[in-house]
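Here's the structure, in structure tokens; my notes come after.
The values are calculated or read from the model by the stated rules, or taken from the named source; none is laboratory data. These numbers come from a predicted model, not from an experiment. Cβ placement follows ideal geometry from the backbone for every residue including glycine, while neighbour counts extend to all protein chains displayed.
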Amino acid sequence: MKVILVNGSPNEKGCTYTALTIVAEQLEAEGITTQIFQLGKDPIEGCRACYACRKADGCVVGDIVNEFAELAAGADGFVFGSPVHFAAAGGKITSFMNRLFFSTRSKPQLFQFKPGAVLVSTRRAGATAALDQLHKYLDYNQMPVATSRYWNMIHGTTPEEVRQDLEGVQIMQVLGRNLAWLLRSLEAGRAAGLTPPPQERTITTNFIR
């Protein structure tokens, strides 16, 4: 089994990366293969609302979003990590997630019923608002959500400070173990013949009369 962990920070080896590595260490200890996917410093364009992805094979912008979508096909689970910017997820990962999950709606198998988790790193505050924002992508795609024993946040302004947040470190460790357990539980269910619930045609409404 394989989990891809997305570093939504422009800093390749910063605080968010440090939190993700703690989760990855626990997954690896449980026999789960991991890969950290870096969004990097290059700009990621926001969604153009052009709806061209409904006819194309992926997002027509054609950048790192499509690259990740190809990798997602071979993954069994995901962890999305972000720094907290003004009590919200960072702009880079927000653009990435908006376009990724919108442009892959015709390929539900990429994410649907695959376990996911989100985490944030912050200096001091705004973490729960950022977590709520990121969780909505998983909810939208019917992804079982892995949790820890507290909200998935860790504090510090440097990787060294992050490692000193002993409660935050433990939260990340528990998250990794819980995600591994969830992956194995789903695998056991499939082996026993359990299948996902049948899917219905999506109903969309508005309130204009």
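Within segment 83-96, the set of residues being closer than 15 Å to Asn11 by Cβ and in a helix (DSSP H, G or I) comprises Gly91, Lys92, Ile93.
Yes or no: Pro144 at pLDDT 95 or above, under 27 Å from Ile64 (Cα atoms), in contact with a Pro (Cβ under 9 Å, 6 or more places away or on another chain) and not aliphatic (A, V, I, L, M)? In short, yes. For segment 167-209, a residue qualifies if it is in contact with an Asp or Glu (Cβ under 9 Å, 6 or more places away or on another chain) and over 16 Å from Val118 (Cα atoms), and the qualifying residues are Trp181, Arg184, Leu186, Glu187. Condition test on Leu119, is it in a helix (DSSP H, G or I), at pLDDT 95 or above and touching a helix residue (DSSP H, G or I) at 6+ places or on another chain (Cβ under 7 Å)? In short, no.
Conditions tested, residue by residue: (1) out of contact with any Pro (no Cβ under 9 Å at 6 or more places or on another chain); (2) surrounded by fewer than 20 Cβ atoms within 10 Å (Cβ to Cβ); (3) outside any helix (DSSP H, G or I); (4) at pLDDT 95 or above.
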position: Cys53; (1), (2), (3), (4): yes, no, no, no
position: Asp57; (1), (2), (3), (4): yes, yes, yes, no
position: Val60; (1), (2), (3), (4): yes, yes, yes, no
position: Glu67; (1), (2), (3), (4): yes, yes, no, yes
position: Gly81; (1), (2), (3), (4): yes, no, yes, yes
position: Asn98; (1), (2), (3), (4): yes, yes, no, yes
position: Phe113; (1), (2), (3), (4): no, yes, yes, yes
position: Arg124; (1), (2), (3), (4): yes, yes, yes, yes
position: Leu134; (1), (2), (3), (4): yes, no, no, yes
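Taking the conditions (1) touching a strand residue (DSSP E or B) at 6+ places or on another chain (Cβ under 9 Å); (2) buried (at least 17 other Cβ atoms within 10 Å of the Cβ); (3) not in a loop (DSSP other than H, G, I, E, B) in turn, Val174 satisfies each one other than (1). Contact map, segment 32-61: residues that are within 30 Å of Met1 (Cβ to Cβ) and touching a residue at least 24 places away in the same chain (Cβ under 8 Å) paired with residues that are hydrophobic (A, V, I, L, M, F, W, C) and assigned to a loop (DSSP other than H, G, I, E, B), Cβ distance under 7 Å, separation 6+ or inter-chain. Pairs shown: Ile32/Met1; Thr33/Met1; Cys53/Cys59; Cys53/Val60.
Take the residues of segment 136-152 that are touching a strand residue (DSSP E or B) at 6+ places or on another chain (Cβ under 7 Å) and without any contact (Cβ under 8 Å) to a residue 60 or more places away in the chain: which is surrounded by the most Cβ atoms within 10 Å (Cβ to Cβ)? Per the criteria, the residue is Asn152.
Annotation note: Cβ proximity below 7 Å between a residue of segment 155-177 that is over 20 Å from Ala130 (Cβ atoms) and a residue that is outside any helix (DSSP H, G or I) (sequence gap 6+ or interchain) occurs for Gln164/Gly156; Arg177/Glu30.
Given the condition part of a loop (DSSP other than H, G, I, E, B), over 26 Å from Gln199 (Cβ atoms), touching a helix residue (DSSP H, G or I) at 6+ places or on another chain (Cβ under 6 Å) and of a type outside the set (A, V, I, L, M), answer yes or no: does some residue in segment 153-169 qualify? Yes, that holds for at least one residue. A single member of Thr128, Thr157 is in contact with a Phe, Trp or Tyr (Cβ under 8 Å, 6 or more places away or on another chain) and under 14 Å from Val84 (Cβ atoms), and it is Thr128. Taking segment 90-119 as the range and being within 13 Å of the chain's Cα centre (by Cα), under 27 Å from Thr195 (Cβ atoms) and not basic (Lys, Arg) as the test, the residues that pass are Leu100, Phe101, Leu110, Phe111, Gln112, Pro115, Gly116, Ala117, Val118.
Residues in segment 185-209 that are farther than 23 Å from Ile32 by Cβ and either part of a helix (DSSP H, G or I) or of a type in the set (Lys, Arg) (or both): Arg201, Arg209.
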